[in-house]
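The values are calculated or read from the model by the stated rules, or taken from the named source; none is laboratory data. This structure is a prediction, so every number in the text was calculated from the model and none was measured. Positions of Cβ are generated from backbone atoms using ideal geometry, with glycine treated the same way; all protein chains shown enter the neighbour counts.
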Amino acid sequence: MTFRFRTGFFLSILVPVFLAASASTVLAQGKAMIALMPKSKGNAYFISCKAGADKAAKELGVELLFDGPVDANAARQNEIVENWITLGVDAIAVAAENKEGISTVLRKAQKQGIKVLTYDADSLPDARSFFVNQATPEGIANALMDEAARLCNSTGQFAILSASLTAGNQREWQMYIEKRLAEKYPQMTLVAVRPCDDLKDRAQSEATALMSANPELKLLMAICSPAVPGAAEAVKQAGRVGSVKVIGLGLPNENRRYVKEGVTQTVVLWKTEDLGYLTVYAANALVNGTLKPGATSFKAGSLGEFAVDKDQILLGTPFLFNKTNIDDYNF
Amino acid sequence: MKFSAGSAWRRILFRHEMLLLVVLIVEWLLFLHFGTMTNRRGVTVGFGTLDRQFDILRHSCEIGLLALALTPIILTAGIDLSVASLLGLCAIVFGQLTHDVGLPLSLAIPLTLLAGGLGGAVNAGLIAGLRLPPLIVTLGTYSLFRGLAEAMTGGAVTYTQFPSGFLALGQGRWLGVPAQAWIFVGVAVGMWMLVHRSVAGRFIRVIGFAPEGAQYAGVRVGKCLTFVYVLAGLVSAAAALVYTARLGQAKADAAVGYELYAITAVVLGGTSIFGGKGSVTGTLLGVAVIAVLKNGLATLPVVIRMNSAEELSGLLTGGLLLFALVIGMLPKLLSAVCIRR
């Protein structure tokens, strides 16, 4: 008696789950299914990517899956891709947390005929057809340098705050910034490049030191995201708002306060919604065969034409967030 | 429980393990039924395929190893919250030994196991030596080991590119089954011998029932406790090697949260959190029930389309554990009600 009673109890947990599950054996055919994975589900950056992706999915009439780790967890990303392979989705687009880590399972998906692309952060090139690249190093560097020149009327001193003097992406951006400076703005001088170890506090003290060492300094350019609010705080506390301008690469939400106070003039990034939108359009085009390796351009709905450079689809020039438009964005 | 005495088959039938086995078979059959289909791409996927069973086995090895390590500890009425943190630390130690120091596997593997043993010895020293409460001690080392792993890598370094011979331990097969299954089976048999067939196993339970009494009865409590916590450290290190080989990467956040899955498996397996009562077989069944539930759910199309397989499996695992606890209490509650009448 007891025995039957106990087993019944356990069954009563399981049965409703399977009743729900039984509906699934009938699978929707015809409508393409595109699976999009963020580095982490709760990250505002990726939530705004999803908003764009949803819009694209609605326009195209495809079913969009959006799942990822609750925290940025490379192992969990692999598991979710495995599940998507089991379900047999038509295309998978991943923002890879770990370049090597994700590649094996993406290759497995490709082997089963699933179209694979990456966006935001790439996997190894052979594990996907295209990488939807939000910004090239040169594009970011040029946008920052041009904006700095515009704010300084192309003359005077400026300084760079970077994450570290050795990090690959930081060095690359710095190199292109210096190239642009030499080519287009001979009246401007880069007086110093200081590392801040990706720490806001350190950026703040470096910025303070830079301002006292260089009284003629007209602008601080922060090329890692914690340094943008760090530099702004230093300028504000030194009472140099306006006379020392601040620009940098960062998220609107982290800098909103300083931008509205007029401490920070411009935050450079890309429109994350467009990134999600473009990724879903590219995935759909791969599925229906309109986008093939070797293409040089590609049309994505209301956003129009995008350049394709070998195996990378380029989102285009970065976007400038300033006092007039920053409130339209929340990430 | 009030069964007619002397009826041996009944005693076997009504054991907690038997109940778990029934649950395991039922959930497996249900997943087999609803998880087998031709998917959207025309590929037949089945829950019942051998590949899928091996997949489940692979994914449950690390949690299984930790659960095995925890079984004798919980039998002594202790707990070790630090096992998964130690796993993370050992993964980083292994990564540094092979990559930064450049040691061959033949040295790096024993040294990693040694590091695990040392981590376990820290717990043992504080718990057996100073007689501090295991919950507090391992709560401390839970943060300490993970913090150390993060500090050693700045939280950012990921060790990849391990030799293929090592990766085979986590991704390849030995004699037809996933390589790590052999380690799992080896540790399981060892633990079973320890808990159910050795004098030490008897002492472990006695400590769990009545630590004071054990002391007076001549059981060397300190020595026994030291042994189980150091053993847990060693097994955590072994789990670290399996984890690193399976994913091909070692990072400071390896296996975050696994200690809770492992404790869940042990308790679901019928081992009393108050010590003294429980079995290795129960733990193994607990691990299997959770692993099948997780994998089966995560691969049901309706669940994948809900975009929240992770959350749902957490929900159901938690629900299952609570039900198991309540059901375990039922006979007592019923008899209490009867007596009152």
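Points worth noting:
- Under the condition of being farther than 20 Å from B:R246 by Cβ and within 13 Å of chain B (Cβ to nearest Cβ), the residues counted in region A:81-110 number 7.
- Contact map, region B:79-107: first residue surrounded by fewer than 24 Cβ atoms within 10 Å (Cβ to Cβ), second residue not in a helix (DSSP H, G or I), Cβ cut-off under 6 Å, separation 6 or more or different chains; pairs are B:L97/B:L103; B:H99/B:Y159.
- When region B:309-336 is limited to residues that are within 19 Å of A:M37 (Cα to Cα) and at the interface with chain A (Cβ under 7 Å from one of its Cβ atoms), the one that is farthest from the chain's Cα centre (by Cα) turns out to be B:A309.
- Only one of the numbered conditions (1) under 18 Å from A:N142 (Cα atoms); (2) of a type in the set (A, V, I, L, M, F, W, C); (3) in contact with a helix residue (DSSP H, G or I) (Cβ under 7 Å, 6 or more places away or on another chain) is not met by A:A192, and that is (1).
- Summed over region A:113-163, the residues that are charged (D, E, K, R) and under 17 Å from the mean Cα position of the chain (by Cα) give a count of 3.
- Checking A:G289, A:G230 one by one, the residue that is at positive phi and not aliphatic (A, V, I, L, M) is A:G289 and no other.
- When region B:24-37 is filtered for residues that are outside any helix (DSSP H, G or I) and without any contact (Cβ under 8 Å) to a residue 40 or more places away in the chain, only B:T36 remains.
- Qualifying residue in region B:239-260 (condition: more than 9 Å from every other protein chain (Cβ to nearest Cβ) and surrounded by fewer than 19 Cβ atoms within 10 Å (Cβ to Cβ)): yes
- Selection within region B:211-226 - in contact (Cβ under 8 Å) with a residue 40 or more places away in the chain and of a type outside the set (S, T, Y): B:P211, B:V221, B:G222, B:K223, B:C224, B:L225
- The set of residues in region B:27-68 being modelled with pLDDT under 85 and under 17 Å from the mean Cα position of the chain (by Cα) is empty.
- Hits in region B:46-56 (condition: within 17 Å of B:L29 (Cβ to Cβ) and either surrounded by 15 or more Cβ atoms within 10 Å (Cβ to Cβ) or in contact with a strand residue (DSSP E or B) (Cβ under 9 Å, 6 or more places away or on another chain) (or both)): B:G46, B:F47, B:R52, B:Q53, B:I56
- Residue selected from region A:115-138 under the condition β-branched (V, I, T) and crowded, with 22+ Cβ neighbours inside 10 Å, by the criterion farthest from A:E172 (Cα to Cα): A:V116
- Residue-level check: of (1) β-branched (V, I, T); (2) over 27 Å from B:K251 (Cα atoms); (3) within 13 Å of chain B (Cβ to nearest Cβ), A:T136 misses just (3).
- Members of region B:122-156 that are surrounded by fewer than 17 Cβ atoms within 10 Å (Cβ to Cβ) and among the hydrophobic types (A, V, I, L, M, F, W, C): B:L130, B:L132, B:L135, B:I136, B:L139, B:A151, B:M152, B:A156
- Residues being within 11 Å of chain B (Cβ to nearest Cβ) and not in a loop (DSSP other than H, G, I, E, B) - total across region A:30-80: 16
- Checking B:R40, B:R52 one by one, the residue that is among the basic types (K, R) and touching a residue at least 60 places away in the same chain (Cβ under 8 Å) is B:R52 and no other.
- Hey, B:A121 modelled with pLDDT of 95 or more and part of a helix (DSSP H, G or I) or not: yes
- Residues satisfying the stated conditions in region B:276-308, i.e. of a type in the set (V, I, T), facing chain A (nearest Cβ under 8 Å) and either without any contact (Cβ under 8 Å) to a residue 60 or more places away in the chain or outside any loop (DSSP other than H, G, I, E, B) (or both): B:V302, B:V303, B:I304
- Residue list for region A:125-157, restricted to those being of a type in the set (D, E) and modelled with pLDDT of 95 or more: A:D146, A:E147
- Options A:A109, A:A96, A:A74; residue that is closer than 25 Å to A:P293 by Cβ and in contact with an Asp or Glu (Cβ under 7 Å, 6 or more places away or on another chain): A:A96
- Apart from one condition, B:L24 fits all of (1) within 13 Å of another protein chain (Cβ to nearest Cβ); (2) at pLDDT 90 or above; (3) in contact with a Phe, Trp or Tyr (Cβ under 7 Å, 6 or more places away or on another chain); the exception is (3).
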